1. Could you list, in sequence order, all residues of segment A:1-23 that are of a type in the set (S, T, N, Q) and more than 7 Å from chain B (Cβ to nearest Cβ)?
2. Quick one: count up the residues across segment B:325-382 that are among the polar types (S, T, N, Q) and out of contact with any helix residue (DSSP H, G or I) (no Cβ under 8 Å at 6 or more places or on another chain).
3. Which residue, of A:236, A:230, is within 14 Å of another protein chain (Cβ to nearest Cβ) and open to solvent by 20 Å² or more (accessible area, probe 1.4 Å)?
4. Which numbered condition in (1) within 14 Å of another protein chain (Cβ to nearest Cβ); (2) more than 20 Å from the chain's Cα centre (by Cα) is the only one that residue A:241 fails?
5. For residues in segment A:207-221 being touching a residue at least 40 places away in the same chain (Cβ under 8 Å) and more than 12 Å from every other protein chain (Cβ to nearest Cβ), which is nearest to residue A:64 (Cα to Cα)?
6. Among the helices (runs of 4 or more DSSP H) confined wholly to segment B:38-151, which include 2 or more residues that are open to solvent by less than 10 Å² (accessible area, probe 1.4 Å), within 14 Å of chain A (Cβ to nearest Cβ) and over 21 Å from residue B:195 (Cβ atoms)?
7. Are there any pairs with C-beta distances below 9 angstrom linking a residue in segment B:303-328 that is without any contact (Cβ under 8 Å) to a residue 12 or more places away in the chain to a residue that is open to solvent by less than 70 Å² (accessible area, probe 1.4 Å) and part of a strand (DSSP E or B), with the two at least 6 apart or on different chains, and if so which?
8. Which condition number in (1) over 28 Å from residue A:76 (Cα atoms); (2) open to solvent by 10 Å² or more (accessible area, probe 1.4 Å); (3) within 10 Å of the chain's Cα centre (by Cα) is the one that residue A:166 fails?
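The values are calculated or read from the model by the stated rules, or taken from the named source; none is laboratory data. Computed from a prediction, not measured in an experiment: that's the story for all the values here. Counting neighbours? That spans all protein chains shown, and the Cβs are built from the backbone with ideal geometry, glycine included. The accessibility values were calculated without ligands, DNA or RNA, using every heavy atom of the protein model including side chains. Shrake-Rupley method; radii C 1.70, N 1.55, O 1.52, S 1.80 Å.
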Protein chains: 2
Amino acid sequence: MKQRLFTPGPTPIHEAVARSMAAAMPHHRTEEFIECMQRTQQLLRRVYRTEDPIVLLSSSGTGAMEAAVVNLTRPGETVVHASGGKFTERWGELLRVFGRDVREIPMNWGEPVTPESVHDTVRKTHATAVFVTHSETSTGALCDLQQIARVARDLGALVVVDAITSLGAHRLETAQWKLDCVVGGSQKAFMMPPGLAFLSLGRKAQERLRDNPTPRYYFDLRPALDGVPTGQTPWTPAISLVQGLEAACRVLVDEGLEQVWLRHQDHADAVRAGVEALGLRTVSQRPSNAVTAVWIPEDLSADGLRQWMWETFQIKIAGGQGPLRGRIVRLGHLGAIDEADILLLMTAFERALIQQGFRPPRSVVDVVAERLQRRSPARSTP
Amino acid sequence: MKQRLFTPGPTPIHEAVARSMAAAMPHHRTEEFIECMQRTQQLLRRVYRTEDPIVLLSSSGTGAMEAAVVNLTRPGETVVHASGGKFTERWGELLRVFGRDVREIPMNWGEPVTPESVHDTVRKTHATAVFVTHSETSTGALCDLQQIARVARDLGALVVVDAITSLGAHRLETAQWKLDCVVGGSQKAFMMPPGLAFLSLGRKAQERLRDNPTPRYYFDLRPALDGVPTGQTPWTPAISLVQGLEAACRVLVDEGLEQVWLRHQDHADAVRAGVEALGLRTVSQRPSNAVTAVWIPEDLSADGLRQWMWETFQIKIAGGQGPLRGRIVRLGHLGAIDEADILLLMTAFERALIQQGFRPPRSVVDVVAERLQRRSPARSTP
């Protein structure tokens, strides 16, 4: 049987990425690899929509989040972040571990932080940096990043964004929205294995990291930033994954970023139409196009649904984390997912519910198939 | 043309590793991947020759070195390390960045630290930890790790070893030599791409990291250690590289570690016999079997030799680093290298020298081929 990943990371590997990673591996101090790094840099900037330098790190996304914290803020500095989800709260954990003066905006799980609350908290605390999660993977909530960045910037605060599940799945305009630092990871919309993370560094972020006294070594962004123009990294990079990243960015750029975002929008809309047809509710009222978190009625078993889909079809969906454990399932639909995948996912999800005795008010297949056919007008045929 | 890597990392990818990394990628929270992690753990312990838990990190080897520093020592703690090579000195850089009281044993480049100097320095300074580089990649020097560990342990100091280029290339007995922490990396004798690092943690090391106040997050070994029995990692692991690591360890264990060490010994001996036949000198008098660093006569160009071998044959050898830049070349012979590779390497190296007007006193091919035929008596036929 074939395993089918519908998780919000890792996501299915794109065939072009797999081929590229399986190619003969060059040494990292050769012209060939340096050119690969430089092409990847140019392509990544198009995905990020910026001319800012983008640093590659051999680590998971959490490593790049740590790099942002220890390079862009100082011990004791007043910084703002929100609660309301596992990854949103990870910013808080990181900031506290490294001794920052952390002001948390309390949010319920599933509610993304609002521009108003960021504005009020930054103004009241005179915070100098705001750490935001664009798409919160644990709840499927999406914040209004553009407006949050605007209000934070107007108050002089640095804007640092965890865009690990949103980059490539949602419109994200690093330059236009003046985002100082945007963190991404390989195993999401980039259709790659995990192991590589990246972050963009705007001019203000670059200035901050130069004279920052925080002890750091592996994640010191000074040598990493200096290496960007020459296609070099301070430590041996994860070469095969960099080769995969070039291929992944090429796939995204060739499809066109606007088209990639619309594709994710259409897939997410179809999933949400299916959830509604089932009479179920999504966790977030401001949903991300990367993952849909769905409340499971109390008389059913969320873990049982997941287990049945896995054992019957080897379809992998995610469960709840933290306070949502056992109460929700999360349907991932980002990366190398097509319309047939979405149809299969929702059909299998319906079968799993029926198998537990749930009676759907209407056929999910009809609704999902119909919604998939009504593609976004601006979207070219897939 | 085919690229041929004779660098001390990255090294050529073994075919079984390449196949394994190209296999369909499982989600990391599945039974299937957990079993892969657990099998890899058991195999790695056989390579390390220990029953200690071994933590996997998605990072380069430098990341695992940082993890050792920030988890096993405290700010202000007195620790010993040596100079005398780029990676030996990296321990010092890391220890200083994180505010340890560093006592450096001064060594010339190419001279490995001695058990006597470790004994004297630890006794005089009452240091509580010693950071050692087993095989120094920048000079090809090998220290007497077994004796160094004995004297350090007798004085109550923790023994932390960078074995990144020695693990799998040289006898290294983690349990028998009572090494508290041994750091390894994927792109060396493991015949894999870079991007994965690992470290073993003995009982004393495990105790130290539990109540260590050093701020750390991505490299915090507490959750990493807790995850070892269940095959889980705190952050999303570099899944495809873990699949490759299982295959790599299987190849090493199937060949037999003793045999793997003898193979590296035979290859290194043949290279050194060739260097001697050329009338050239190695940088270190206590040479590592992973890499041979060779002084290049002043009237020749070391970089020119490397460039000619690359342009003519796409054979990649390494140059000098730090004070040895431009004065040496480094011939890497660890990992998935066979006897034909060694013969080719030395033949091409001789051609490069001749091309610069050098007159070898005798034929390198004869010497190398003859030495390759006299395999170690205990070694089975390759």
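1. Taking segment A:1-23 as the starting set, the residues that turn out to be of a type in the set (S, T, N, Q) are A:3, A:7, A:11, A:20.
A:11, A:20 - these are the residues of segment A:1-23 that are of a type in the set (S, T, N, Q) and more than 7 Å from chain B (Cβ to nearest Cβ).
2. The first filter runs over segment B:325-382 and keeps only residues among the polar types (S, T, N, Q), leaving B:347, B:355-356, B:363, B:373, B:376, B:380-381.
This time we only want the ones that are out of contact with any helix residue (DSSP H, G or I) (no Cβ under 8 Å at 6 or more places or on another chain), so: B:373, B:381.
The qualifying residues number 2.
3. On the way: A:230 fails: within 14 Å of another protein chain (Cβ to nearest Cβ).
So the residue among A:236, A:230 that is within 14 Å of another protein chain (Cβ to nearest Cβ) and open to solvent by 20 Å² or more (accessible area, probe 1.4 Å) is A:236.
4. Here residue A:241 meets the rest and fails (2).
5. So, considering only residues that are touching a residue at least 40 places away in the same chain (Cβ under 8 Å) and more than 12 Å from every other protein chain (Cβ to nearest Cβ), the one nearest to residue A:64 (Cα to Cα) is A:221.
6. Details: elements: B:61-72, B:86-97, B:115-125.
By residue number, B:86-97.
7. Pairs found: B:310/B:316; B:310/B:317; B:325/B:319.
8. (2)
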